[in-house]
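The values are calculated or read from the model by the stated rules, or taken from the named source; none is laboratory data. Predicted model, so just to flag it, every value in this text is computed and none were measured. Neighbour counts are summed over all protein chains in view; Cβ atoms, including those assigned to glycine, are modelled from backbone coordinates with ideal geometry. We work out accessible area using only protein heavy atoms, side chains counted, and drop any ligands, DNA or RNA first. Shrake-Rupley method; radii C 1.70, N 1.55, O 1.52, S 1.80 Å.
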Amino acid sequence: MVEMGSEREKNIENNGGLTAIDSIEYRWVFQDEYDSDMDSGDHGTADGDEGSTPRNELELDSDDDDDNAMRKLIRTGPRIDSFDALELPGAQRNDFDDVSAGRKILLAFQTLGVVFGDVGTSPLYTFSVMFSKAPVNGNEDVLGALSLVLYTLILISLVKYVLIVLWANDDGEGGTFALYSLLCRHAKVNLLPNQLASDARVSGFRLKVPSPELERSLKIKERLEASLTLKKLLLMLVLAGTAMVIADGVVTPAMSVMSAVGGLRVGVSGVKQDQVVMISVAFLVILFSVQKYGTSKMGHFVGPALFMWFCSLGGIGVYNLIKYDSSVWKAFNPVHIYYYFKRNSTKAWYSLGGCILCATGSEAMFADLCYFSVRSVQLTFVFLVLPCLLLGYLGQAAYLMENHADTTQAFFSSVPSGVFWPIFLIANVAALIASRAMTNATFSCIKQSTALGCFPRLKIIHTSRKFMGQIYIPVMNWFLLALSLVMVCSISSIYEIGNAYGIAELGVMMMTTILVTIVMLLIWQINIIIVLSFVVILLGLELIFFSSVLWSVGDGSWIILAFAVVLFFIMYIWNYGSKLKYETEVKQKMSMDLLRELGPNLGTIRAPGIGLLYNELAKGIPAIFGHFLTTLPAVHSMIIFVCIKYIPVPVVPQNERFLFRRVCPRGYHIFRCIARYGYKDVRKENQQAFEQLLIESLEKFIRRDAQERSLESDGNDESDSEEEHAFSRVLVAPNGSVYSLGVPLLSDFKDTGKAVVEESISEELKPGPSLESLLSDAEQSFEKELSFLRKAKESGVVYLLGHGNIRARKSSWFIKKLFINYFYAFLRKNCRREIANLSVPHSHLMQVGMTYMV
C-alpha cells in the first residue's frame, strides 16, 4: 500500500511540475498535464491503482524532480480545489494600496525622512569629488560637469528607479532579494530544493498567467529552470548585489557625515582635518546608538528636518542663480558633455566616479520601499526632491562660474554668509538622517536574504507594532559602526571615500538593472525593443561609470571592495552549506516501510505527551527521528514533525500559516506540520501561543479528516481498511479552511452523491449501511482521536530538536573541506537557531545531534 502511494506521488509530481497558478475562472496548464488530468478523471481510483491519479490529487508534494519536457500551454475549465476556490479574507496586501488622497500626501511627506535622505545630501560632495579629479580650467568645464550631473540624475534616479524599478517591487517590498523572490515565484530558480506545490497556493503568490501570445517568457522560464548554471549565476548576481548594499551601509554614513562636518573648515578657518575626523567619529557613534529606536519613533522628527533641508537647498540655488550667473541653464543642452570630454579627455573620464555620487541613494529609494507606497515615493521625488536637487546643483555651478578656486568645499562655499550656520546645522542633521536611511535599507536586505536561506540567522528586533518592515539588527548595527569608524579614521579624505562610495553604489545598481531586465522578460512580458533599450542604455552607462571608479581603486577604496567580497563569500558558503545539508537529509530520510515494520509503538515505549520534532525537511521522515528512536528510551504518544519554512512571498496570512498531513496510518498518531512564513513576516509567537495555535489547527484537521473519511466510504466494509487511509489527503488552515488533496470538498461531493443515489435507485441495489450510521461511526472515531489528542496535550508538550551537522568526506576536494568543515561550521555554530524565537524553557527541550557526511 505504501509503495503504491509513493509511486502515485511520483506520477503526480512529474505531471504537475510546472502547473500555472491561480486563474479566477479558468486555469492555464501544460498539454501533458491536462491529458493526464483527463485520463485520471476517466478511471481514477482512491488508492493509486495502476497509474490512476484522481484529478484533484495533482497537488500532492513528492520528492522527485520536475519534468522539464517541452509542453504546450492551454486553457481549461475552472478547477475546484481549496486554494483556487476559497476567498481568503485574511490575505494581506500592500498596506498602502487603498489609501485616500490626503493619506497619500501625508505619506509623501513622511518619505522624506526615510527614503530620500541619502540622495538629498549628495550636493554636499558631488562637485567637490568631481573637480578633485578634473580641476576647473574655465567656465566650459563647470557647464560640462553640471550637464553630466543633471543627466545622470535624470537618467538613473528619475527614469530608471522612480519610473521603472519601483514597479518591480514584490508586493510592496523592494531591494535585491525582493527581486530574487519575485523571480523564484515565477520560475523554479531557487537552489534549495524545498519547494512544495502547496506553496504556490498561498494567496500572496498571485502570479500573472503567461500569455499564449508571448511564448518568449515561457522559453526563458524553461531555460532558467532547466539550467543549473543559470540558477547559480542568478544567485551569484543577487549575492553580489546584496554584498554591495551592505557595503553601501558602511560607506554612506562615513561619506555623509564627513562631508557635512567638513563645512566647519569653511566657517572656521582654524579647523584642521584631524578635528573634522574626531567630530565625525562622535556623530557616527551617536547615530548608530539611536538606531534601535526605529523609524516610527524618529519619523516625526526626520520628516520636517529633511523638508527644511530640501527647501534650503532649493532656496540657496535660486539665490546663487540670481546673484552670480544664470547662464548655467545652458547645461541642459547635452552638447556641453561632449565639450567637457573634448577639453579634459582622461581627466573627464576620471571625474565620472564623482559624478555618479549625485545618484547615490537611488537604490535606497527602492530598498526602503517597504515603508511607503510607490505612488507616495514617486510624487515626492518628482514634485519636491528632484526640483530642489536640480536647483541646488545649478546654484553651485552658478557660484563656481565666478569662483573657480572654491571647488574643495563647493556647497558650503556657495552658502550665503548670513545663513551659513543654520544651513550647516541642517546639513549635519540631514547627513545623519541619510545615514539612517541606508542603514534601514541594509537591515531590510539582510532580513530578506536570511529568510531565503542566503545569510546566517541573526537576532532581529521589530521596532514598530504597526509596520512589519521596520526592524533593527543589533549585531549588524554595531558591525556597521565599527567598519564606518575604521573607514573614517583610515581614509580621512572624502575624495577617496567618495570613490569607495561609487564602487558600492554602482555594484548594486548594475545587479538591479540585470534583475529588472529578467523581470521585464519573464513577468512583465513587455516589448523586446523596450527591454533592449533599458538594458543597453542604462547598463552601458553604469559600466562606463564603474570603469572610472575601478581605475582609482588603489587610492584606498579597495577596502570597501574587499569587504564586499568577504560578504559575498559568507553568503555563498552559507547557501552552499545549507543546500548540501538539505539534500543530504532528503537522501537519508527514513523509509515508510521501516516504520510499518516497527508498528504503531515504533519499536519502543510511547509515553503520554506531544513531541514537536523540529526539522528542515518539508517532505519525508527525517533521519534524525530514527536517531531519537535509538537514543531515547521512549517517545511521545503523539509526534508532530514541524518544519518552519520560508517561501518567496512577503507575507503569509495567519489563516494559511499551517499545513497538516498524516505521515503514517491513524494508529501511529504521527503528523507533519509545515509552518510557512514570508520573508517580511514577524515571528513573535511565544511558546504558549504557538502551541495553542498548532493544537487548534490539528483539531480542525482531524475533524475534517473524519468527515472526508465518512463521505469517501461507499458502504463496502471490506474495502475500508485503515491501511488504505494511510495518507491523509487534506490540508487544514487554522481558520478551518480545508485544502483537499485527494477527495472532493463537501461542495463537490453533493453532485457526486446525487449521481450515486440515482444509480442505486435505478439498479435496485441492495441497501448498505445508512448515511446516519456511517456518520455516527465517523463521529465516534473522531471523538476518540480528539480525546487522545487532548490527553496528550495535558501530559505536556516537549520540543525535540535535532541538530544536524555536515562534514565533508575524507575523499572530498580540499576547497570543499575548507568551506564545509571550517567556514560553514563556524557560521552555523555562531548563528541564531530557529527555535530561539519561541523562548522555550529548557525543561521542555530535548536535543540530539547527528552528523552527515557529504
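For the stretch 668-693, the tally of residues that are in contact with a strand residue (DSSP E or B) (Cβ under 9 Å, 6 or more places away or on another chain) and modelled with pLDDT under 85 stands at 12.
From the residues in the stretch 142-176 that are acidic (Asp, Glu) and either modelled with pLDDT of 95 or more or touching a Gly at 6+ places or on another chain (Cβ under 8 Å) (or both), which one is farthest from GLN396 (Cα to Cα)? Reasoning before the result, please.
From the stretch 142-176, those acidic (Asp, Glu) are 170-171, 173; that's our starting set.
The next check asks that each one be either modelled with pLDDT of 95 or more or touching a Gly at 6+ places or on another chain (Cβ under 8 Å) (or both); those that pass are 171, 173.
Details: ASP171: 40, GLU173: 36 Å.
Ranking the candidates gives ASP171 first.
Selection of the stretch 139-175 for residues being open to solvent by 10 Å² or more (accessible area, probe 1.4 Å) and in a loop (DSSP other than H, G, I, E, B) yields LEU163, ILE164, ASN169, ASP171. Out of the residues in the stretch 541-558 meeting the condition of being out of contact with any Leu (no Cβ under 9 Å at 6 or more places or on another chain) and either outside any loop (DSSP other than H, G, I, E, B) or closer than 25 Å to ILE154 by Cα (or both), tell me which one is most open to solvent (accessible area, probe 1.4 Å). Of everything passing the filter in the stretch 541-558, TRP551 is most open to solvent (accessible area, probe 1.4 Å).
When PHE411, PHE381 are checked against the criterion of being crowded, with 24+ Cβ neighbours inside 10 Å and within 30 Å of THR176 (Cα to Cα), a single residue qualifies: PHE381.
Looking across the stretch 569-589, just one residue is buried (at least 17 other Cβ atoms within 10 Å of the Cβ) and not in a helix (DSSP H, G or I), and that is LYS589. Among the residues examined, LYS816 qualifies as modelled with pLDDT of 85 or more, open to solvent by 40 Å² or more (accessible area, probe 1.4 Å) and either β-branched (Val, Ile, Thr) or not in a strand (DSSP E or B) (or both). Selection of the stretch 665-699 for residues being on the phi < 0 side of the Ramachandran plot and part of a loop (DSSP other than H, G, I, E, B) yields PRO665, GLY678, TYR679, LYS680, ASP681, VAL682, ARG683, LYS684, GLU685, ASN686. Residue under question is LEU391, and the condition is that it be open to solvent by 20 Å² or more (accessible area, probe 1.4 Å), at pLDDT 90 or above and either more than 41 Å from the chain's Cα centre (by Cα) or within 21 Å of GLY263 (Cα to Cα) (or both); does it hold? Judged against the criteria, LEU391 is a match.
Residues that are β-branched (Val, Ile, Thr): which helices (runs of 4 or more DSSP H) entirely in the stretch 365-475 hold 1 or more of them?
On the way: elements: 374-380, 386-400, 410-414, 420-451.
So the answer is 374-380, 420-451.
Every condition in (1) farther than 26 Å from VAL553 by Cβ; (2) at pLDDT below 90 is met by ASP274 except one, and the failing one is (1).
Of all residues in the stretch 622-680, those being touching a Cys at 6+ places or on another chain (Cβ under 6 Å), of a type in the set (Phe, Trp, Tyr) and more than 30 Å from GLY175 (Cβ to Cβ) number 1.
Have a look at VAL238, VAL266 and point out the one that is out of contact with any Gly (no Cβ under 8 Å at 6 or more places or on another chain), surrounded by 17 or more Cβ atoms within 10 Å (Cβ to Cβ), closer than 27 Å to PHE545 by Cβ and hydrophobic (A, V, I, L, M, F, W, C). Break it down into steps so the answer makes sense when it comes.
Numbers: VAL266 fails: closer than 27 Å to PHE545 by Cβ.
Testing whether each residue is out of contact with any Gly (no Cβ under 8 Å at 6 or more places or on another chain), surrounded by 17 or more Cβ atoms within 10 Å (Cβ to Cβ), closer than 27 Å to PHE545 by Cβ and hydrophobic (A, V, I, L, M, F, W, C) leaves just VAL238.
Does the stretch 439-460 contain at least one residue that is open to solvent by 10 Å² or more (accessible area, probe 1.4 Å), at pLDDT below 90, in contact with a Ser or Thr (Cβ under 7 Å, 6 or more places away or on another chain) and of a type in the set (Gly, Ala, Ser)? Among the residues of the stretch 439-460, at least one is open to solvent by 10 Å² or more (accessible area, probe 1.4 Å), at pLDDT below 90, in contact with a Ser or Thr (Cβ under 7 Å, 6 or more places away or on another chain) and of a type in the set (Gly, Ala, Ser), which makes the answer yes.
Restricting VAL328, VAL277, VAL318 to those that are closer than 25 Å to LEU485 by Cβ and part of a helix (DSSP H, G or I) reduces the list to VAL277.
Pairing residues of the stretch 362-383 that are farther than 24 Å from TYR501 by Cα with residues that are at pLDDT 85 or above and not in a helix (DSSP H, G or I), at Cβ distances under 6 Å and at least 6 apart in sequence or on separate chains, gives no pairs at all. Can you name every residue in the stretch 606-635 that is of a type outside the set (Lys, Arg), touching a Ser or Thr at 6+ places or on another chain (Cβ under 8 Å), assigned to a strand (DSSP E or B) and open to solvent by 20 Å² or more (accessible area, probe 1.4 Å)? Hits for the stretch 606-635 are ALA607, PRO608, ALA634.
Could you please let me know if LEU774 is in contact with a helix residue (DSSP H, G or I) (Cβ under 9 Å, 6 or more places away or on another chain), of a type outside the set (Asp, Glu), modelled with pLDDT under 85 and loosely packed, with under 13 Cβ neighbours inside 10 Å? No: the conditions fail for LEU774. Candidates in the stretch 778-813 are the residues that are of a type in the set (Ser, Thr, Tyr), farther than 18 Å from TYR852 by Cβ and modelled with pLDDT of 85 or more; of these, the one that is least open to solvent (accessible area, probe 1.4 Å) is TYR799. Scanning the stretch 521-552 for residues that are in contact with a helix residue (DSSP H, G or I) (Cβ under 6 Å, 6 or more places away or on another chain), without any contact (Cβ under 8 Å) to a residue 60 or more places away in the chain and of a type in the set (A, V, I, L, M) returns ILE526, VAL531, VAL535, LEU539.
Taking the options LYS188, LYS208, LYS219, name whichever one is open to solvent by 30 Å² or more (accessible area, probe 1.4 Å), at pLDDT 80 or above and more than 30 Å from GLU505 (Cα to Cα). Walk me through how you get there before you give the answer.
On the way: LYS188 fails: more than 30 Å from GLU505 (Cα to Cα); LYS208 fails: at pLDDT 80 or above.
Just one listed residue meets the conditions, LYS219.
Residues that are open to solvent by 10 Å² or more (accessible area, probe 1.4 Å) and either over 19 Å from LYS619 (Cβ atoms) or assigned to a strand (DSSP E or B) (or both) within the stretch 646-664 comprise TYR646, VAL651, GLN654, ASN655, ARG661, listed in sequence order.
Among the residues of the stretch 558-603, those that are closer than 28 Å to VAL854 by Cα and among the basic types (Lys, Arg) comprise LYS579, LYS581, LYS587, LYS589. Listed by first and then second residue, the pairs with beta-carbon distance under 7 Å, at least 6 apart or on different chains, first residue in the stretch 475-499 and modelled with pLDDT under 90 and of a type in the set (S, T, N, Q), second assigned to a helix (DSSP H, G or I) and open to solvent by 50 Å² or more (accessible area, probe 1.4 Å), are SER492/GLN273; ASN499/ASP555.
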